[in-house]
Amino acid sequence: TMGTQDRSIKAVFTELPKVRVTLQIVDTNGQKLADPQYQDVTSGGTVTFQVPNLANVNFKGWKRNGQILETGNTYTLSSVTQNETIQAVFEVPVQSLSLSFSTLSVKEGESKDLPSVTVVPSDAADQAITWTSNSPAVAKVENGKVVGLSAGTATLEASSTNGKKAVLTVTVSQREETQPQPQPAPQPQPRPE
């Protein structure tokens, strides 16, 4: 209400604080896959992140406070009033398998160690390997070893859960039968005369 004199009114503004939202880009084990992204926003504002474009990985979802929340291509966080961290979680699939050796010879009834399997990349999420034989009557895998069963050739295949394969060729030879060594014929002893 105006009285009989001029008045002066001042409107005072204070700048709203900025808060930072950090996007961590990690694999399913929480290991960093790429540098984090940051967005600074005025307190109470909204931020949106796009799924980062990474090669050779599968996007699993957006994680916040330890929970996967969404799996869409974007993630929006509304009414941000404090610093926040969200994660874009990716699964690193197996790209290839390699064996420490690819051929093996065993005899019937003999067992030898399987080759060691190298999973590429080394940080692949699921490193489980399954062995199968195309000729289980010739050679099979048992307790981490190759067992030769009958003469012939078998292909043993190491497979990852996502279908990557490596092949071991096993040649099984017949067991050599041990023949008794012929004894030399006894020499006649000369008779004393």
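Values as computed for the structure displayed
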| read-out | value |
| --- | --- |
| Tally, over segment 67-86, of residues that are in contact (Cβ under 8 Å) with a residue 24 or more places away in the chain, more than 18 Å from Thr42 (Cβ to Cβ) and among the polar types (S, T, N, Q) | 2 |
| Segment 55-81 - residue that is within 20 Å of the chain's Cα centre (by Cα) and aliphatic (A, V, I, L, M) and, of those, modelled with the highest pLDDT | Val57 |
| Thr103, sole failed condition from (1) in contact with a Lys or Arg (Cβ under 8 Å, 6 or more places away or on another chain); (2) closer than 30 Å to Arg175 by Cβ; (3) of a type outside the set (Asp, Glu) | (1) |
| Per-region count, segment 82-91, residues open to solvent by less than 40 Å² (accessible area, probe 1.4 Å) and under 27 Å from the mean Cα position of the chain (by Cα) | 4 |
| Subset tally (residues that are more than 22 Å from Asp27 (Cα to Cα) and not in a loop (DSSP other than H, G, I, E, B)) for segment 72-116 | 13 |
| Residue within segment 124-144 that is assigned to a loop (DSSP other than H, G, I, E, B) and within 30 Å of Ser43 (Cβ to Cβ) present | no |
| Qualifying residues in segment 41-68 (those that are of a type in the set (A, V, I, L, M) and part of a loop (DSSP other than H, G, I, E, B)) - the one nearest to Gln87 (Cα to Cα) | Val51 |
| Residue identified as touching a Lys or Arg at 6+ places or on another chain (Cβ under 7 Å) and closer than 26 Å to Lys164 by Cβ among Glu108, Glu91 | Glu91 |
| Output for segment 28-38, where each listed residue is open to solvent by less than 50 Å² (accessible area, probe 1.4 Å) and of a type in the set (A, V, I, L, M) | Ala34 |
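One line per residue, one yes/no per condition, for (1) under 13 Å from the mean Cα position of the chain (by Cα); (2) open to solvent by 80 Å² or more (accessible area, probe 1.4 Å); (3) not charged (D, E, K, R):
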{"residue": "Pro93", "(1), (2), (3)": "yes, no, yes"}
{"residue": "Ser98", "(1), (2), (3)": "no, no, yes"}
{"residue": "Lys107", "(1), (2), (3)": "no, yes, no"}
{"residue": "Lys112", "(1), (2), (3)": "no, no, no"}
{"residue": "Val120", "(1), (2), (3)": "yes, no, yes"}
{"residue": "Ala124", "(1), (2), (3)": "yes, no, yes"}
{"residue": "Ile129", "(1), (2), (3)": "yes, no, yes"}
{"residue": "Ser135", "(1), (2), (3)": "no, no, yes"}
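Residue by residue, here is whether (1) over 30 Å from Val94 (Cβ atoms); (2) touching a helix residue (DSSP H, G or I) at 6+ places or on another chain (Cβ under 7 Å); (3) open to solvent by 40 Å² or more (accessible area, probe 1.4 Å); (4) among the aromatic types (Phe, Trp, Tyr) holds:
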residue	(1), (2), (3), (4)
Asp6	yes, no, yes, no
Phe13	yes, no, yes, yes
Lys18	yes, no, yes, no
Thr22	no, no, no, no
Val26	no, no, no, no
Asp40	yes, no, yes, no
Ser43	yes, no, no, no
Gln50	no, no, yes, no
Leu54	no, no, yes, no
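The values are calculated or read from the model by the stated rules, or taken from the named source; none is laboratory data. If you're wondering where the values come from, they're calculated on a predicted model, not measured in any experiment. Cβ atoms come from the backbone with ideal geometry, glycine included; neighbour counts cover every protein chain shown. Ligands, DNA and RNA are stripped out before the accessible areas are found, and what is left, the full protein with its side chains, is counted by its heavy atoms. Shrake-Rupley method; radii C 1.70, N 1.55, O 1.52, S 1.80 Å.
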